[in-house]
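The values are calculated or read from the model by the stated rules, or taken from the named source; none is laboratory data. Owing to the predicted nature of the structure, the values given are computational and were not obtained by experimental measurement. No Cβ is skipped: glycine too gets one built from the backbone with ideal geometry, and neighbour counts run over all protein chains shown. Accessible surface areas use protein heavy atoms only, side chains included; no ligands, DNA or RNA. Shrake-Rupley method; radii C 1.70, N 1.55, O 1.52, S 1.80 Å.
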Amino acid sequence: MDRVSSTMKQVSNPLPKVLSRRAGGGGPEAERESFERAQTVSINKAINAQEVAVKEKHARTCILGTHHEKGAQTFWSVVNRLPLSGNAVLCWKFCHVFHKLLQDGHSNVLKDSMRYKNELSDMSRMWGHLSEGYGQLCSIYLKLLRTKMEFHTKNPRFPGNLQMSDRQLDEAGENDVNNFFQLTVEMFDYLECELNLFQTVFSSLDMSRSVSVTAAGQCRLAPLIQVILDCSHLYDYTVKLLFKLHSCLPADTLQGHRDRFLEQFQKLKDLFYRSSNLQYFKQLIQIPQLPENPPNFLRASALSEHISPVVVIPAEASSPDSEPITDLVEMDAASQSLFDNKFDDIFGSSVSCDPFNFNSQNGMSKDDKDRLIEQLYREITGLKEELENFKAESTRGAVQLRGRASELEAELAEQQHLKQQAQDESEFLRTELEELKKQREDTEKAQRSLTEVERRAQANEQRYSKLKEKYSELVQNHADLLRKNAEVTKQITVARQAQGDAEQEKKELEDSFQRVSEQAQRKSQEQAEVLETLKRELAASRQELQVLQGTLESSTQAGAEQNNRIASLEQERDRLSQAAEQHRDEMAALQAELQQLQETLSHKQESSRIELEMLQTQLRDKENAEQVLQQRLAEEQLSLLQGTIHEAKRMVQDALAHMEDPAHVSCTGSADCLLAQTLAASECSERLQDAHSKYLADGAAVGSLLPCLALFAHLVSNTLLQGSATSHVAPVEPADRLLELCKQCGSEAVSYLSALQDPGTVASADCSLVTACLGQISAIGEELRPRGLDVQQEELGDLVDKEMAATAAAIETASARIEEMLSKARAGDTGVKLEVNERILGSCTGLMQAIHVLVLASKDLQREIVESGRGAASPKEFYAKNSRWTEGLISASKAVGWGATVMVDAADLVVQGKGTFEELMVCSREIAASTAQLVAASKVKADKDSANLCKLQQASRGVNQATASVVASTKAGKSQVEEKDSMDFSSMTLTQIKRQEMDSQVRVLELENQLQKERQKLGELRKKHYELAGVAEGWEEDGEWCQPCSSWAADPGKGEAGWRSPACHP
């Protein structure tokens, strides 16, 4: 009894015990531990060192884990224990899983991952040192992940999968054009990283083998699915943002954006195309194809033509790798249910009957309430299972429906695009059909016979032979058509002959039929006559029979004879009836043969007609093909002519634009070069006019017109630029006229080329205005040509040597005179005057020595230039060949010698007390300018790396320093003399001082007036000096163009030419 009572206590209420076990076995800590264990297992299975693609079910478990814990702490705690820096494949698969978490994981994954951004950067730099295997791939992938994290941190409105509506995109930029501008730049950087990873993966694969079906190839290609998803959204958003920016900002501001977009568009289009051909991607993703041409952002209506690329991921089939993952809490409940079932199996189920019937009272069955509870429990369990199954099926159905909807949207967009293309193509074909109909109507009047077609084909064949290699295929086609034409002609001849034979056979059949008909008629007449005869004989026989019957009784013997005769007559009648039947059979046979002959004749006529129609169709096709070839040839010639004229116009317009460019102001040129360019352009314009006339006479004579157009544009452009450069060194009035004529010439050339380009005005295009402008430019160039010295060229070399020797002698003479003046000053002067004179004369002596050194350096450099440039010629021939440069040297030498003489005279007067300090300062500056002129004239043809040139430049700096010393000593001496002559105001009264003040003011006014007059006088003197120098040196004699000491320098080795004008005047 005790055992029974204890058993009753144990199983008295089984349902509450089961519920209590379920309530006590699943606490938060155990659930957390189970979750971490499951996540660790999934992460380790997803990120391992095996070179295979990450399984989708493990990655999906990691994604669900982030949504369960609302973050990525567990993921990073497991990943930090993995040797990512030691195994490249492990790091590559980590990047793939982390990319999936950033796309589809919880929004807090980005926040939890930002603390590891620096570690990712260090790891990227570390893997970047490896150039083989997965090293570069890991480095680029880590850079992409960091860029993605930074982008979503700066733009938190963008979700990880980048899926946004147009309204959300507008809200992300806050309707501010600056924000849209910056957002576009960031998207370009983001997309650039995606494309770099794309290209690196493809370049690391051997595309000659089917790498997409191998495990190693799939391991590298699997992350590109996430890249394709990101790229499709980034491309769509950049297109929409660029259209929005173009509606708010000028097109020039966005030129950089457009260039960068075009580059990325071509890369993305190529990568999408290459990916779509791989078998691996065909099973997992439907990759969109970008349009053939990029969007035209300069046309706002092009936004309506933009189709957003849609990436479709098909619904996954049920497989061990893609089983649906149930909720973690529900998994715990399922495991608890399994545990309860095992418990019931061991200790007895509450549902089974009690063997001892302890739960019944007084021998009755179990209580109805307990049975109801058990029944409800079973129903709840079944409903839960059905609910889970329904949820799983609904989830799969929703995924399939979303995938199908995406496919339908993509198909709809593609169908709309194809519809638009078909409409455009149909409109284009309709237009072409109308044009072809018009051309056919025009050409049908001209082509009347086959002979004319052959003649025109031969003419076309001769024209085709004159074209370049690009028309060789057309010539071959034309030759084939000619051969087909000959074959068609032969077939037509054979068909016509066959038709004649058929007609002859028809006539013969008709004659035979007529003969047969006549024979049948004759036979029928004969038979009719025989029948009449037989009828008459029959009537006579009947009459005789009646006579015989009347006399039968009288004579039996006569009756027997009559019977025999009647029998013979009946036999004759049967024979004649058989003959008539045979004649009718022969008539039927003849009629059947006649009918067969008629049918054969009709069949032959029908086949001849069909063959004739086929030949005529082939002839028309051949004519149409020839028309198409002629039209294509004309279009090619016209397009070639239009392209050449367009490039010629652009060349002339570029020359006009360079004339307005401020950087062109520094360019100078000579009148001689301008005249040469103008002459060449004039001759080319005449040849162009002749070629134009030939082209108008014969539209196929394009070969002579094209080179003339290109040369004409080139020479006119050079003439305009040379004229503009020449105007920069010309006087004001000729320069303005020359510049205006150059612009007018360019405008006329552009107008002439535009008239040639327009088919309506090509006949009226006239080049005479351009030729007239070139003539006027040539006339101004003749006016601007400089006139040389009145010295024979063979005397130039001797004159240079004489002038340089005279300059050296003048400097030595000046030095001797200065020494002599210094000796006299020391002998005759004392005190302040002696000090001032010694200082001035000493500085003048130093200046003469520096000038002497400069002249010697100039001689050495001049000798080096002559030796290096004359070649096999003599020095005199070199000087004569470079007469402009020689004249510059002569002028510079004269100026140096004259300046030294004048400065010595001024110093002598100052020492004697008769001159002024200002005169000495002016003379020193004048001689410094003259030496600068000599240096510039010597540097024109010198090599920039020459040692003598360096010595000359150093001597020039010494001259400048000596000149500054002369000016300084002169100013110091003047101040000492003025201090010595200071006024004594001690004995002067107020009235005297006032009187002196008024006198000083009057003197100041007088001196200011004299200063103004002297400045005007100085200007006039300089003008007159330039005029006289121009007459002497061969410059313009009108006094308006001062170009002293200028020389035309042309160095073939350096490729430079231009006027070099030293600062020879103060």
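Take the residues of the range 107-119 that are charged (D, E, K, R) and farther than 24 Å from VAL201 by Cβ: which is most open to solvent (accessible area, probe 1.4 Å)? Steps first, answer last, please.
So in the range 107-119, the residues charged (D, E, K, R) come out as 111-112, 115, 117, 119.
Checking the rest, the ones that are also farther than 24 Å from VAL201 by Cβ come to 111-112, 115.
On the way: LYS111: 146, ASP112: 24, ARG115: 166 Å².
Residue satisfying both the conditions and the ranking: ARG115.
For the list (1) assigned to a helix (DSSP H, G or I); (2) open to solvent by 100 Å² or more (accessible area, probe 1.4 Å); (3) modelled with pLDDT under 75; (4) over 30 Å from ALA592 (Cβ atoms), I need the number of the one condition that ASN477 fails.
It fails just one condition, (2).
Output the residues belonging to the range 204-217 that are open to solvent by 90 Å² or more (accessible area, probe 1.4 Å) and either touching a Lys or Arg at 6+ places or on another chain (Cβ under 9 Å) or at pLDDT 70 or above (or both).
Selection gives VAL213 alone.
Within the bounds of the range 744-758, is there any residue that is out of contact with any His (no Cβ under 9 Å at 6 or more places or on another chain), under 16 Å from ALA648 (Cα atoms) and not in a helix (DSSP H, G or I)?
yes
Go through the range 149-193 and give me each residue that's under 21 Å from GLY105 (Cα atoms) and either acidic (Asp, Glu) or in a loop (DSSP other than H, G, I, E, B) (or both).
Residues satisfying the conditions are GLU150, ASN155, PRO156, ARG157, PHE158, PRO159, GLY160, ASN161, LEU162, GLN163, MET164, SER165.
Let me confirm something: among ASP122, ASP176, ASP166, ASP104, which residue is touching a residue at least 40 places away in the same chain (Cβ under 8 Å), surrounded by fewer than 18 Cβ atoms within 10 Å (Cβ to Cβ) and among the charged types (D, E, K, R)?
One residue alone meets the criteria, ASP166.
Being open to solvent by 70 Å² or more (accessible area, probe 1.4 Å) and at pLDDT below 85 is true for just one of ARG650, ARG632, ARG687. Which residue is that?
ARG632
Being within 60 Å of the chain's Cα centre (by Cα), at pLDDT below 80 and more than 30 Å from ASP860 (Cα to Cα): is that true of GLU1027 here?
yes
Just a yes or no: is a residue in the range 270-286 at negative phi, acidic (Asp, Glu) and open to solvent by 50 Å² or more (accessible area, probe 1.4 Å)? Even if it seems obvious, please write down each step before you answer.
Quick first cut of the range 270-286, residues at negative phi only: 270-286.
When the remaining residues are screened for being acidic (Asp, Glu), the result is 270.
Next cut, open to solvent by 50 Å² or more (accessible area, probe 1.4 Å) only: 270.
The answer is yes; a qualifying residue exists.
Can you tell me which of (1) in a loop (DSSP other than H, G, I, E, B); (2) open to solvent by 80 Å² or more (accessible area, probe 1.4 Å) is the one GLU263 doesn't meet?
Among (1) in a loop (DSSP other than H, G, I, E, B); (2) open to solvent by 80 Å² or more (accessible area, probe 1.4 Å), the lone unmet condition for GLU263 is (1).
Can you tell me how many residues in the range 930-973 are in contact (Cβ under 8 Å) with a residue 12 or more places away in the chain, aliphatic (A, V, I, L, M) and either under 30 Å from SER868 (Cβ atoms) or not in a helix (DSSP H, G or I) (or both)?
The qualifying residues number 11.
Please state which one of SER717, SER724, SER682 is hydroxyl-bearing (Ser, Thr, Tyr), over 35 Å from the mean Cα position of the chain (by Cα) and either assigned to a helix (DSSP H, G or I) or over 18 Å from THR771 (Cβ atoms) (or both).
SER682
Does LEU674 satisfy being closer than 13 Å to ALA648 by Cα and either charged (D, E, K, R) or crowded, with 23+ Cβ neighbours inside 10 Å (or both)?
no
Check the range 533-547 and report whether any residue there is over 20 Å from ARG573 (Cβ atoms), loosely packed, with under 11 Cβ neighbours inside 10 Å and modelled with pLDDT of 65 or more.
no
Residue check: is THR61 outside any loop (DSSP other than H, G, I, E, B), surrounded by fewer than 16 Cβ atoms within 10 Å (Cβ to Cβ) and at pLDDT 90 or above?
Answer is no for this residue.
Given the criteria part of a helix (DSSP H, G or I) and modelled with pLDDT of 75 or more, does ALA459 qualify?
no
Considering only the range 77-92, I want to know if a residue exists there that is under 23 Å from GLY160 (Cβ atoms), of a type outside the set (Ser, Thr, Tyr) and either open to solvent by 30 Å² or more (accessible area, probe 1.4 Å) or in contact with a Lys or Arg (Cβ under 7 Å, 6 or more places away or on another chain) (or both).
Applying the first criterion (under 23 Å from GLY160 (Cβ atoms)) to the range 77-92 yields 77-80, 82, 84, 91-92.
Restricting the remaining residues to those that are of a type outside the set (Ser, Thr, Tyr) gives 78-80, 82, 84, 91-92.
Subsequent filtering for residues that are either open to solvent by 30 Å² or more (accessible area, probe 1.4 Å) or in contact with a Lys or Arg (Cβ under 7 Å, 6 or more places away or on another chain) (or both) retains 80, 82.
Within the range 77-92, one or more residues are under 23 Å from GLY160 (Cβ atoms), of a type outside the set (Ser, Thr, Tyr) and either open to solvent by 30 Å² or more (accessible area, probe 1.4 Å) or in contact with a Lys or Arg (Cβ under 7 Å, 6 or more places away or on another chain) (or both).
Can you name every residue in the range 496-532 that is among the polar types (S, T, N, Q), farther than 30 Å from ALA579 by Cβ and open to solvent by 90 Å² or more (accessible area, probe 1.4 Å)?
GLN497, GLN504
If you check GLN596 against the conditions, is it within 26 Å of ASP501 (Cβ to Cβ) and free of Cβ contacts under 8 Å to residues at least 24 places away in the same chain?
When the stated conditions are applied, GLN596 passes them.
Name the pairs: first residue in the range 1002-1021 and more than 17 Å from GLU918 (Cβ to Cβ), second residue part of a helix (DSSP H, G or I) and open to solvent by 100 Å² or more (accessible area, probe 1.4 Å), Cβ to Cβ under 6 Å, at least 6 apart or on different chains?
If the second residue must be part of a helix (DSSP H, G or I) and open to solvent by 100 Å² or more (accessible area, probe 1.4 Å), no pairs are left.
Given the options SER938, SER956, SER930, name the one that is hydroxyl-bearing (Ser, Thr, Tyr) and more than 10 Å from ALA857 (Cβ to Cβ).
Every option except SER930 fails the conditions.
Evaluate the range 721-728: report whether one residue or more is open to solvent by less than 50 Å² (accessible area, probe 1.4 Å) and of a type in the set (Val, Ile, Thr).
Yes, the range 721-728 contains at least one residue that is open to solvent by less than 50 Å² (accessible area, probe 1.4 Å) and of a type in the set (Val, Ile, Thr).
Considering the range 572-612 alone, what residues qualify as being within 16 Å of LEU509 (Cβ to Cβ) and among the β-branched types (Val, Ile, Thr)?
THR600
Go through (1) under 18 Å from ASN485 (Cβ atoms); (2) basic (Lys, Arg); (3) open to solvent by 80 Å² or more (accessible area, probe 1.4 Å); (4) touching a residue at least 40 places away in the same chain (Cβ under 8 Å) one by one and return the number of the condition LYS622 breaks.
(3)
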